[in-house]
Amino acid sequence: MKFAYYPGCASEGSGIEYHMSMERTAYILGFEIQELEDWNCCGATSGHNTDKLLSVALPARNLAIAERSGLNMVVAPCAACYSRHRYAEHTIQHDPEMRRKVEQVLELDLAGSTETLSILDVLVNKIGTETIAAKVVNPMTTMKAACYYGCLLVRPVEHTGFDDPEDPQTMDQIMKALGADPIDWSHKTECCGAALVTSRPDVGNPMLYRVLKDAKESGAECLVTACPLCMLNLDMRQAAIEKQFGEKLALPVYYITELLALACGDKPSQVGLEKHFVEAGTYLRTIEVRGAEARAAAEKAAQEAAEKARAKAEAAAAAKAAAAAKKAAKAEAASKAESADGQAAPAKEAAAGKPAASADGDQKKIDAFVAAFNKNPDKMAAKLVADEAQAGILVSALDDKKKSKLASLMVKDMELAKKAAAAYVQQELKKQGECQS
Amino acid sequence: MENSVLLSPADNHQKALIRKLEQEAGTSISLCYQCGKCTAGCPAAFAMDFPPRQVIRMLQLGLTDMALNSNSIWICASCETCSSRCPRGVDIASLMDTMRREALKRGKTDKKVAAFNKAFLSNVKNFGRTFEAGLLLRHNLVTGQPFKDMELGLPMLKRGKASPLPHMIKGRQEMKKIFERVDQFGGEQ
């Protein structure tokens, strides 16, 4: 994937780390960025405060350069640059009169074919958080980060539209992919004071203080931004805010691209971390130690859980076996009771219908049948031999050995038992005949 | 009818101005029903002489001078919260922007904000890009506060976050022409 790249004026000065980490991010994630040739300043707030035509014409010159380069997707990491280029695109596409004026001012034709993208939109919707997560080698586990979107990445919705204007989530999603814990807080889209912090600190400073204070009170240990002006205010002006409001904040501030590159294995110097005003390296080392501990603890807990699950499975298997034995014992008791009434057959048939019955269970049934033969031989004989006289002969022929043989056959196969019984009758008749003769 | 209150006392001149402002801002002030949601969410309202809702009300009542003279339009940080929350779809931020430009034409402005904007745009016109360090220095000198943010200058230079010289683009001539042609169109948009 290839994008035209609009670095913005801050990339050459106060926001140099954003530029460095942006290039690292593209390299790590394998997408190309091609800097727009001889780009100019978008005019920012001063432009649209002064003249509407100028505020569209300045970014439109850059868009024309992008059109000429054949790259229609323009990534503008700075939130203000992004907003002004989106505004210009929107105007060129929807206001024909304004477009004509802009074309006259620039002395060229505009196709209106470009789409300027914020870095959050690119990372989440063009690259994807799974791709990012797959590249992470130093996860930011236990990092409590306040994702700060500020104003112009999410407002006005008709120019941005890639995220929710009140509770945006794209930066949070990226932070989660890096292994961090983004916190929930109320000032994620409140204004940091922007240029007012410089031009009217009496107005801008309280605005900036409220953002920092809410992050701190919501449990954040650092702030993450995607805007060089937000960074300038939150980071460079933080010491002055602490002094003015008499409150220690000590919140390191990071560009989202810095954290991404660092989580994917970059050294702090590669993204310019030492250039920050609020010392930013210590917290990352804290995270490294704390994260490793947390991961070890999580691993241990997972192992324990697995062990517990295994023990539980074993216990369940044992309980199941015990239940089966209990069931078999119950069946034995039942068949015993039935055979006491001379009603052993149904029990035996029921047992025959359950081939899963254990050998132990069979033996118990055999024993029950033997007992029934001893207790009530006539009834048992009647089950095996239909003829009453022959049944009587069978009873007279039964000894312990025959009883046990018949009982075991009755458990296994009723037909075999009947045949055996008939054979015993024939044997007995033969024996008696021999005696008589 | 003698005791009735006239709700739209604007004369024709004021009406024309309001129409012009609405057109340039791409919005309509008559949509506003004065709920105050814009003011409730405005992060800078605490510093304004008239909060956003009242500025819109002034326009509705034809009090254009009062609106254009208010410091509110210069305190507005263009954060767009009001516009994104307005239940009636009034683009208040765009109106504020338009009113700033109108006030500027009439020479009514917050000196510090105007000085900053002028310095910023002169950078863009001359170099094609913003020269941050030069801009801050110039702003501080023009506004008579030469020692403002002095403690930040050296650390920025040391960190390579402030270049001592401006970055100049090749198309500087082009930039000058853009500014000149915009001036020729001046007042038309």
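Laboratory data are not the source of any read-out in this text; all were calculated from the coordinates shown. Because the structure is predicted, anything quoted here is derived from the model rather than measured. Virtual Cβ from ideal backbone geometry, glycine too; neighbours counted across all protein chains shown.
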So what is the 222 nm mean residue ellipticity for chain B from helices alone, if each DSSP H run of at least 4 adds -39500 (n - 2.57) and you divide by all residues, rounding to the nearest 500 deg cm²/dmol?
-16500 deg cm²/dmol
Once you've got the Cα coordinates, tell me which of B:Lys37/B:Lys125; A:Lys243/B:Lys108; A:Lys336/A:Lys405; A:Lys144/B:Lys118; A:Lys101/B:Lys15; A:Lys188/A:Lys300 are over 29 Å apart.
B:Lys37/B:Lys125; A:Lys243/B:Lys108; A:Lys144/B:Lys118; A:Lys188/A:Lys300
Once the other residues with Cβ under 9 Å from the Cβ of B:Asn71 are scored (Lys, Arg +1; Asp, Glu -1), what is the net sum?
-2
Provide Rg over Rh for chain A; use the alpha carbon set for both Rg and the Kirkwood Rh (inverse mean inverse pair distance).
1.52
Within chain B, which cysteines find no other Cys whose Cβ is under 4.7 angstrom from their own?
B:Cys32, B:Cys35, B:Cys42, B:Cys76, B:Cys86
Say we join alpha carbon atoms closer than 10 Å with springs in a Gaussian network model of chain A; which of A:Gly13, A:Gly246, A:Gly361 then has the biggest fluctuation?
A:Gly361
Please give the calculated 222 nm ellipticity per residue for chain A, where each DSSP H segment of at least 4 residues contributes -39500 (n - 2.57) and the sum is spread over every residue; nearest 500 deg cm²/dmol?
-19500 deg cm²/dmol
Distance in nm between B:Asp11 and B:Arg85 label points, each 7 Å along Cα→Cβ, equals 3.8 nm
At 0.36 nm per residue, and after removing the present C-alpha to C-alpha distance, how many nm does the segment from A:Asp164 to A:Glu304 gain when stretched out fully?
46.3 nm
